[in-house]
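Structure, as structure tokens:
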Amino acid sequence: MIKLIVGTKGTGKTKTMIDHINNVTKTTSGNVVVLEKSMQLTFDIDHAARLVDLDGYGICGYEMLYGFVAGVLAGNYDITELFIDGILKTCNHDLGGLGAFLTKVEGLAATAGTNVTITISAAAEDLPEDVKKYL
């Protein structure tokens with residue numbers, strides 16, 4: 001399942017995601033992984049969640065991010081929750097490629113039995129139609 005947290009800059013997307021991460025770490029029987037462009041969430045999320053800095057692995061663009069997500073899920077079958085904060089920062093603010101990425105990740109998540117939550121810094125009305133179906 002894919003869940004999007006959408007809104008323009010400063011609307012509380014990351015705060016909403018932090019609250020969700022901290023709640024799910026208390027209730028899930030599996031592992032929680034958080035991917036972000038920098039290590040800004042280090043002191044905000046529960047230590048039970050695995051925080052990964054995408055910059056540390058040189059991830060930029062949807063293809064690289066998809067490969068990284070696939071590798072993370074393939075390497076650990078116990079991941080029940082995967083969070084990606086600020087996907088547009090990692091993917092060069094490319095709204096056009098977001099729909100195809102979400103479709104691929106949706107299939108991957110279904111196979112792995114993982115819930116994926118992603119923050120997108122954009123107004124909902126500015127999203128492409130193939131992204132809006134995930135709202």
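Below, the figures for the structure above:
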| item | result |
| --- | --- |
| Search result, residues across the range 79-118 that are of a type outside the set (A, V, I, L, M, F, W, C), closer than 26 Å to Ser29 by Cβ and in contact with a strand residue (DSSP E or B) (Cβ under 8 Å, 6 or more places away or on another chain) | Thr80, Glu81, Asp85, Glu106, Gly113, Thr114, Asn115, Thr117 |
| Residues that are in contact with a Cys (Cβ under 7 Å, 6 or more places away or on another chain) and either closer than 21 Å to Thr27 by Cα or small (Gly, Ala, Ser) (or both), drawn from the range 51-78 | Gly61 |
| Considering residues of the range 94-135 that are of a type in the set (Ser, Thr, Tyr) and part of a helix (DSSP H, G or I) only, the residue farthest from Ala48 (Cα to Cα) | Thr103 |
| Candidate set: the range 97-126, residues that are surrounded by fewer than 20 Cβ atoms within 10 Å (Cβ to Cβ) and in contact with a Lys or Arg (Cβ under 8 Å, 6 or more places away or on another chain); chosen: the one nearest to Glu81 (Cα to Cα) | Asn115 |
| The range 51-76, residues that are within 13 Å of the chain's Cα centre (by Cα) and more than 17 Å from Ala109 (Cβ to Cβ) | Leu51, Asp53, Leu54 |
| The listed residue being surrounded by 20 or more Cβ atoms within 10 Å (Cβ to Cβ), in contact (Cβ under 8 Å) with a residue 12 or more places away in the chain and more than 26 Å from Lys133 (Cα to Cα), out of Leu73, Leu54, Leu41 | Leu54 |
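All of the numbers you see were taken from the coordinates with simple rules; none came from a lab. For clarity, every value in this text was computed on a predicted model and none was experimentally measured. Using ideal geometry, Cβ is built from the backbone for each residue, glycine included, and neighbour counts are taken over all protein chains shown.
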